[in-house]
1. Hey, what do the phi angles of region 750-760 turn into as Karplus ³J(HN,Hα) couplings, whole Hz, using 6.51/-1.76/1.60 and θ = phi - 60°, x for Gly and Pro?
2. Collect residues whose amide H, placed 1.01 Å from N in the peptide plane, falls under 5 Å from the amide H of K339; neighbours closer than 5 in sequence don't count.
3. Tell me, in nm to one decimal, what length is gained between T573 and R336 on full extension, where the rule is 0.36 nm per residue of separation less the Cα-Cα distance?
4. If Lys and Arg each add +1 and Asp and Glu each add -1, what is the summed charge of the other residues whose beta carbon sits under 11 Å from the beta carbon of C430?
5. Starting from the Cα of K575, draw a straight line to each of the aspartates and glutamates and keep only those under 14 Å, dropping any in the same chain fewer than 8 residues away.
6. Which of K114/K220; K266/K420; K170/K220 have a Cα-Cα distance over 29 Å?
7. Each label point is 7 Å from the Cα along the Cα-to-Cβ direction; what then is the distance between the points at K288 and L592, in nm?
8. Quick check on my link table: of K230/K281; K366/K755; K276/K538; K339/K749; K275/K432, which ones sit more than 27 Å apart, alpha carbon to alpha carbon?
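Read-outs throughout are calculated quantities, based only on the coordinates presented, and are distinct from any laboratory measurement. Keep in mind that this is a model prediction, so the values were computed, not measured. Cβ coordinates were reconstructed from backbone atoms using ideal geometry, including for glycine residues, and neighbour counts include every protein chain displayed.
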Amino acid sequence: MGTTGKFIIEKLPENPEELLRKIIHDCMDQTMEASRKHSIEPDRLGAIISSQLLDNDIWIPIRKIENDTIDNILNRFQLVSQSKIEKGSLLGQPFTVKIQTLGISSLSKNQSIKGRAPQENSQIITHINIDRLIKISNPNNLCLFYALEITRKYFAKELGAKWNFSRYLKNDNRQMEDVFDLLKSAKIPHDLPEYDAVEYVPVVVDFWNDKYKDAGYKFKVFVFGSVSEKPIFKYGNDNFNMPISIFHKNNHFDGIRFVGGMFGLKHKYCFTCEKKFRKSKEHDLKCKSLCRLCGRIGSERPCVATGDFYKKCDECGKKYLNEDCFEHHKKGSNCRQTKICEKCGVIWSMKNYKREAEKKHVCGQKWCQICRQFHSFDRGCFIRPLEAKKSADYRLVTFDFEATQNEKINNGNEERRLHKVNFIAATVTCTKCMENEQLWRSPLRQNGNSCAICGNNRSITFSQRPFNQTKVDKQVVTENPLKFFIEWILFELNQQYTTMAFSHNGGRYDMIMVFKEIYLKGLVPSMIRRGNKLYELKIPRNNKCNEIIFRDSYNLCPVALGKLIGAFGLKVTEKQFFPHLANVSENYDRTLQQLPPKSDYLYGGMPPQKQNEFDKWYEEEKNKQFCLNEALAEYCTNDVQILTEALIAFRNKFFEISKKKNTQPGAATGGIDILKDAMTIASACMKHFRLNHLQPEHLAIVPEKGYENIDNQSELALKYLQWYEETKRVEIQSAHSEGGEHVVDGRYKVDGYIKEEDRAIEVNGCVWHACQKCFGNDLEKILPNGKTVGETREDDEKRIEIIKKFLKNVDIIWECEIHQMLRRNQKMRNAFANYHNKGPINIRDCYFGGRTGPLQMYFDADTIC
């Protein structure tokens, strides 16, 4: 439920916060009242504040309604208002406040993935490679079952040769017969308007597992969506050997021939980790479906022992109990990439040691993914100093968009202005050209020059109309400048080099539109964002385009574009005033005899100081002719020139400041390339500190659970052991005792240990240990740990059996038994209520308290003095 209000404050009071607070409060009250009229009790609230001065809306995410909700919205509004002060106060121009409420308790808590009859002319815009799909063309609402049954036949090779399957795909009658046989056998109705995968996939999988168990098949179905590489739904036991994958989009299901190929060229897919990968050697070594001996990945891995086969490889030292496993490791590269230590039995990767050539495998040391070095895990982790490296050459593209806003669209109950890009200016330079100041400031095509990295053009524009007074290397005149700009930056530049593309404040405006256009090209960039602000868009190098990284220069230089001139002492034309509201198609190809009115320059939203500057300029210039074609080119190229000059000046200064000093003769002395190596100014400063000031093993990385809080026990278990100590008058060694939990046979820790009695006390959680009282005899039921009840109990029995061999007494108490004791014993309940965690301080506990921030942005301190 939502309400929208449009406001303008013509005479700004000295303290506008109270007035703004009242506006937001009234909007909230109206929205909540409207929700209650529709029998929805609101408990979540979000807000969107729009203004012509904003590159993008101020977005306050949906959150719980609290006492400080209005203050949080005010904080966000004032923060953005301050950052846009050069363009003018947001309160001086019309702004829109849209409040949305949500009653979370009224929402459906069940996942729904439905399929029905195919829709005509439905477009699939997705990062998925649809050529890898088994297209389903069902004449009814049964696409889910078509996709399941046909995909099963494909992977089970039930039809024999591939050409038989191709013929089967063209035989609609036979497909329908098979699907109706499946529905009849599984007792599924065939005349429903739609079918939910969450409800019916388990029915089909259970039917298949029972029907084909004699053939050795164990099925598990994975349903993939159009956005993520993770399945949106899955069903089946973890010991499956026949994964069936289907694709869901626009209420329709298709089969999937090759899951890995859907996510990129030569990609494979691991159903255990649910991740894509190119090469087995790059896959997670902790994966349960990885054979460490031969390097293969799959549901039938790791390879199991066969017969009496035994062979030790003379090159890598690994021992093999499976002939196929041994032969495959010799054919592939696994033998050369991994070796086994004969002393400790650890299989280690040669690739890791190439990072530090002087190091070799040391027993007890492992490659740490946290601090990126070899060390014993008893030592802990440290932040490593950076090493000076020479970065590869790259291409720098700076660009700026101008857009019309005169076209209006209806968005529900409100009218919004559509931003359509009608002019783009871009400048291209590279690290080679930057070495010569005269070279990167000079045109290329106009001087008959070219650069292998930059190309033929130093400056290029994409516009709907040509212009004459502003000189650039190339003009591209088109009705869709954004489309041609994206095609140029993606496909027309030298693909051997990375492109770093910067726009000022682009994370809230330019990059948003860039992302949409790239997505329509069938590419999905990885993104780093916070709310609706983009920090980075990254397109990896592929068979279509080179690597391109879009970033917002405001994160490196957090000042208005016009202030960069003074900040770096640039010798360029000052940033100009531009009538943004006069940027309409009606002004194309015509010359006005004087400048547009002040209102077109968003005069009302300017702060007083800027209004004075504008008044002086406007009085001098108002009688000059105005041509939109020429004004767009002059204004936009000037913005890009300022940004280019500022970024190169900042790069040179920071590179010199961060250059490593006092290095050994012949060692690299390169500094931080702030445009390539850092996304924000904070990141650049930290890299400078690590490169020049941080000493080895000086700054520790604090473990997630603190330095001592390593043994993980439930709060209930610790309270029970403390109660046991007090009532039995014994001393129990537990996770928080000196030395931690008692270890049996060098591998099994017990929750509690009484040395005098040689007694172990195991407190078992009912869910994680498959309690007999709670889970009964349903051995195939899957628990949250991914194992079945039967597998969990089998593992526990083996563990307890080994513990009993080393200890005289082993007591097992279940979580449900403790709760039953608490219900019956008042003294026990009181004792549990008074027990406190005796463990070490957890550093993250100090961060509790939710969102933090100033509760009031403006306060007159004199009133309380």
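1. Per-residue couplings from phi come out as 10, 4, x, 9, 9, 5, 4, 9, 6, 10, 9 Hz.
2. W348, M350
3. 79.2 nm
4. Every neighbour counted, the sum reads +1.
5. Correct list for K575: E86, D400, E613, E634, D639, E645.
6. In this structure, K266/K420 lie more than 29 Å apart at Cα.
7. Between K288 and L592, the simple spin-label model gives 6.9 nm.
8. Going by Cα-Cα distance, K366/K755; K339/K749; K275/K432 fall outside the 27 Å limit.
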